[in-house]
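Structure record follows, encoded as structure tokens.
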Amino acid sequence: MALERRAKRNWSRVACRLVCEKRTMCSLSRASVCPSLIFFSCPRKDALTDGMYRDFPDSMTTAWSAQKIASLLSSAFAPKLTKPMKSKSNEAPTATIDVLITFDKSGVSSHPNHISLFHGAHHFISQLAHNRPGWQCPVDLYTLTSISIVRKYTSFLDSIFSILALMVKKKQMGEHPSPLLFMSGLGEVRTAQRAMTTAHKSQMRWFRWGWIALSRYMIVNDLKLEKVVALKHDE
């Protein structure tokens, strides 16, 4: 929500590939995802919810292919990457976005699907810089920081620990700042809660009520800028 504030003049796109094996399930997911985006002031037309992707099962035991995730990101945000660069080029890499945000390597909840998104995003950024010597990657990759389960369910109290941790961390300023700390007010917390309970009803299992009531991520979120090296020839 902080990124979508009008004063920030940001334009967001949500890469949401539906994971479902039946069209009825996809229809249900679309009916939940799109209204949720409206709660966060993200235009419905920017939700990329087309197609069924059996390569990405919702599973606690299955890791997704980093290459396939990178391919989906390329088709959405960097169409030129659909044709791999086999030799070096003096042309600058291009993309339709300048920042990509996803989970960190621990996936916040250690969910293998979340962790796979981290590796897929890394692969995508690496591909952008591949065979483009002398050019800076046009997309910054920021990841949501994972914390201990004790801190995760301390609600607003974790804001104290987060601020203290930020004070002692090494900081990077300028055009690519890191880390970034976002804190939600009461109104923003209620908006996030309503996005789950009112719009995203298909995901509201019993345990999620505890999550939206106690999770610090409803109030405090911090992002870290990832350092990504260009993809090697044999990768």
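The residue that is nearest to A129 (Cα to Cα), counting only those in segment 211-235 that are at pLDDT 85 or above and assigned to a helix (DSSP H, G or I), is Y217.
Residues checked against (1) touching a helix residue (DSSP H, G or I) at 6+ places or on another chain (Cβ under 6 Å); (2) more than 24 Å from H119 (Cβ to Cβ):
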{"site": "G134", "(1), (2)": "no, yes"}
{"site": "T145", "(1), (2)": "no, no"}
{"site": "S148", "(1), (2)": "no, no"}
{"site": "Y153", "(1), (2)": "yes, yes"}
{"site": "F156", "(1), (2)": "no, yes"}
{"site": "K170", "(1), (2)": "no, yes"}
{"site": "P179", "(1), (2)": "no, no"}
{"site": "G185", "(1), (2)": "no, yes"}
{"site": "E188", "(1), (2)": "no, yes"}
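Restricting attention to segment 203-218, the residues that are under 21 Å from L100 (Cα atoms) and among the aliphatic types (A, V, I, L, M) total 1.
Inside segment 153-162, residues that are within 22 Å of the chain's Cα centre (by Cα) and either of a type in the set (V, I, T) or within 27 Å of K227 (Cα to Cα) (or both) make up a count of 3. The set of residues in segment 64-75 being small (G, A, S), assigned to a helix (DSSP H, G or I) and surrounded by fewer than 17 Cβ atoms within 10 Å (Cβ to Cβ) consists of S75 alone. Those helices (runs of 4 or more DSSP H) of segment 97-158 in which at least 3 residues are of a type in the set (A, V, I, L, M), considering only elements entirely within it, cover 112-129.
Candidates L157, L144, L180, L186: the one that is closer than 14 Å to Y217 by Cβ and out of contact with any Ser or Thr (no Cβ under 9 Å at 6 or more places or on another chain) is L157. Working only within segment 125-156, note down all residues that are free of Cβ contacts under 8 Å to residues at least 24 places away in the same chain and either within 16 Å of A95 (Cα to Cα) or of a type in the set (A, V, I, L, M) (or both). Answer for segment 125-156, where residues must be free of Cβ contacts under 8 Å to residues at least 24 places away in the same chain and either within 16 Å of A95 (Cα to Cα) or of a type in the set (A, V, I, L, M) (or both): Q136, I149, V150.
The values are calculated or read from the model by the stated rules, or taken from the named source; none is laboratory data. Remember, predicted model here, so these are calculated numbers, not experimental data. Backbone-built Cβ (ideal geometry, glycine too); neighbour counts: all protein chains shown.
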